[in-house]
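Please see the structure below; I have some questions.
The values are calculated or read from the model by the stated rules, or taken from the named source; none is laboratory data. Just so it is clear, the model here is predicted, and its values are computed rather than measured. Methodologically, a virtual Cβ is constructed for each residue, glycine included, from the backbone with ideal geometry; neighbour enumeration extends over all protein chains shown.
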Amino acid sequence: MKISIIGLGYVGLPLAVDFAKKGHQVAGIDISPNRIDRLKACDNYIDDVSDDDLVSVVKSGLFIASTTFEACKDSGAVIICVPTPVSEHKDPDLTAIRSASEGIAPYVTAGQIVILKSTTFPTTTENVVQPILERISGMKAGSDFHLAYSPERVDPGNTKWTTANTPIVVGGLTEECSKKASELLAEITPNVKIVSSPRVAELEKLLENIFRSVNIALVNEMAMLCDRMGGVNLWEVVDAAATKPFGFMPFYPGPGLGGHCIPIDPYYLSWLARKYDFETSFITLSAKTNEQMPFYVVEAIQRVLANRGSETVGKPRVLILGAAFKKNVDDLRHSPAFKIIEVLEQTTSTHVDFCDPHATEFKKEWLPDNPVMKSIEGTPEQIASYDVVVMVTDHDAFDYQMVADNARYIVDTRNAFSGIRLPENNIKVLGAGSFLSHEQKN
Ligand SMILES: NC(=O)c1ccc[n+]([C@@H]2O[C@H](COP(=O)([O-])OP(=O)(O)OC[C@H]3O[C@@H](n4cnc5c(N)ncnc54)[C@H](O)[C@@H]3O)[C@@H](O)[C@H]2O)c1
């Protein structure tokens, strides 16, 4: 069967390559000419896709990348994996879903399966995608062609839970739509749970991410309490609670939410809820706590500088270790490191650098002209030249002992230095009862 994948990012490209590896003819469509040129040149930009697999499916002709929707002509199935961001005011932005639906609609044929995978609020498949496809194609979803929603669960960088062994959920417009969509997706992910409608599957995905956001906010709040109290390490508390084999799931504090999902998806539901005169209080409360975290980290850095003073002439110097939003990946989207750097530079007279072996540069989008910031190498001499080193993303590639041996002062937001030999008093760990100095506590 010819399969078309619309949007070749973290979700779409691995799916396209997987289907091509199964022997399907795959058309990959993306509006970014740069991405299409790279794919045509077998230049991989997604860590979860193996370079060898990409080369093999491109060279065999099974995977053809294109910027034009005409490429999806004669497809048996079309899968939409485009971004679903929020606007500046955190309202859902369905521009990409709408334009992808308009792009594929002229090529919808009888019996075709159309699956939306982008994360979105309940009713999007039925109230946004379906009318566009029906209006332009002149065909009826559920009778002429099949329409379903199936949320994506890929966790980039996770080698234990992959698309091959993580169950997926499918909700079709009709039973037949669900059957056709799940038969297709089961070729990649054999464990499929069918639910009664697209809107159940849409809300299920939001529940997964809101669940994480709320639980992360809970431990973040406890981390700040532990810092205030002193003497209790929240990481030890969570690990102790996690020995209970039922009714508890460990979540850990951190410098703030990052990535394309957890900081954004909850707003899709709170926006929808307002239409029903309903306030989603858990979402609001957890957003408030989580969004405060980068500011809290800046406050901790300032306290260290205030108590210890700067040993540098001129501006205090701070080094951020890890800019990607999670460990061992290069994904910088909505990283809390950005907010920490922005607030440090704009509200304090601090010089900030960063070191990240995976995400080696980014644009400072909060500044006019978006200047590029590049990672430093992170040599022992460099580490020693900063007043404070801030552990933001605990990549395995960092030499933690080397950092501990050379840094003047460390603020650790990940408990990454536990078990590392380090000089007394030079580390403050979020949630470890140590953000306040002994003097302040008294
Ligand atoms: N990244 C994840 O871990 C993850 C996990 C689960 C769900 N999701 C959801 O999956 C969806 C896609 O996320 P992603 O991480 O792959 O995004 P991404 O930004 O990595 O990739 C999206 C791609 O779509 C392209 N695109 C944008 N508008 C388009 C259009 N109109 N037509 C064709 N291509 C278009 C972009 O150029 C980009 O290459 C989002 O809704 C996201 O919330 C992502």
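Yes or no, residue by residue, for (1) assigned to a loop (DSSP other than H, G, I, E, B); (2) in contact with a helix residue (DSSP H, G or I) (Cβ under 6 Å, 6 or more places away or on another chain); (3) among the charged types (D, E, K, R):
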| residue | (1), (2), (3) |
| --- | --- |
| GLU70 | no, no, yes |
| ASP74 | yes, no, yes |
| PRO83 | yes, yes, no |
| HIS89 | yes, no, no |
| ALA96 | no, no, no |
| SER99 | no, no, no |
| ILE104 | no, yes, no |
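List pairs: first residue in the stretch 191-204 and hydroxyl-bearing (Ser, Thr, Tyr), second residue assigned to a loop (DSSP other than H, G, I, E, B) anywhere in the structure, Cβ distance under 8 angstrom, at least six positions apart or on different chains.
SER197/LEU173
Sticking with this one: If you check every pair at least six apart or on different chains, which have Cβ atoms under 7 Å apart with a residue in the stretch 32-52 that is farther than 15 Å from TYR10 by Cα and at pLDDT 95 or above first and a residue that is away from the ligand (no atom under 12 Å from the Cβ) and not aromatic (Phe, Trp, Tyr) second?
Partner pairs satisfying both residue conditions: CYS42/LEU54; CYS42/VAL55; CYS42/VAL58.
Among the residues of the stretch 155-173, is there at least one that is surrounded by fewer than 18 Cβ atoms within 10 Å (Cβ to Cβ) and within 21 Å of VAL78 (Cβ to Cβ)?
no
Across the stretch 178-212, what is the total count of residues that are part of a loop (DSSP other than H, G, I, E, B) and surrounded by fewer than 18 Cβ atoms within 10 Å (Cβ to Cβ)?
6
When the residues of the stretch 66-99 are narrowed to those that are of a type in the set (A, V, I, L, M) and in contact with a Lys or Arg (Cβ under 7 Å, 6 or more places away or on another chain), which ends up farthest from the ligand (Cβ to nearest atom)?
ILE79
Further question: Taking into account only those residues within the stretch 150-161 that are polar (S, T, N, Q) and either within 12 Å of the ligand (Cβ to nearest atom) or in contact with a His (Cβ under 9 Å, 6 or more places away or on another chain) (or both), which is nearest to VAL82 (Cα to Cα)?
Selected residue: SER150.
Sticking with this one: Filter the stretch 112-146 down to residues that are closer than 17 Å to ILE5 by Cα and in a loop (DSSP other than H, G, I, E, B) and give me whichever is farthest from the ligand (Cβ to nearest atom).
Step by step, filter the stretch 112-146, then rank; the result is GLN112.
Going by the conditions given, is ASN215 more than 14 Å from the ligand (Cβ to nearest atom), within 25 Å of the chain's Cα centre (by Cα) and under 22 Å from TRP161 (Cβ atoms)?
yes
Here's something else I'd like to know. Please state which of the following conditions GLY259 fails to meet, knowing it meets all the rest: (1) over 20 Å from the mean Cα position of the chain (by Cα); (2) modelled with pLDDT under 95; (3) on the phi > 0 side of the Ramachandran plot.
All conditions are met except number (1).
Within the stretch 163-172, restricting attention to residues that are out of contact with any helix residue (DSSP H, G or I) (no Cβ under 7 Å at 6 or more places or on another chain) and more than 12 Å from the ligand (Cβ to nearest atom), which residue is nearest to LEU116 (Cα to Cα)?
PRO167
From the set of residues in the stretch 1-51 that are over 18 Å from ALA181 (Cα atoms) and among the acidic types (Asp, Glu), which is nearest to the ligand (Cβ to nearest atom)?
In this case the residue turns out to be ASP30.
If you don't mind, another one. Hand me the list of strands (runs of 3 or more DSSP E) wholly inside the stretch 290-402 holding 2 or more residues that are charged (D, E, K, R).
It comes to 361-363.
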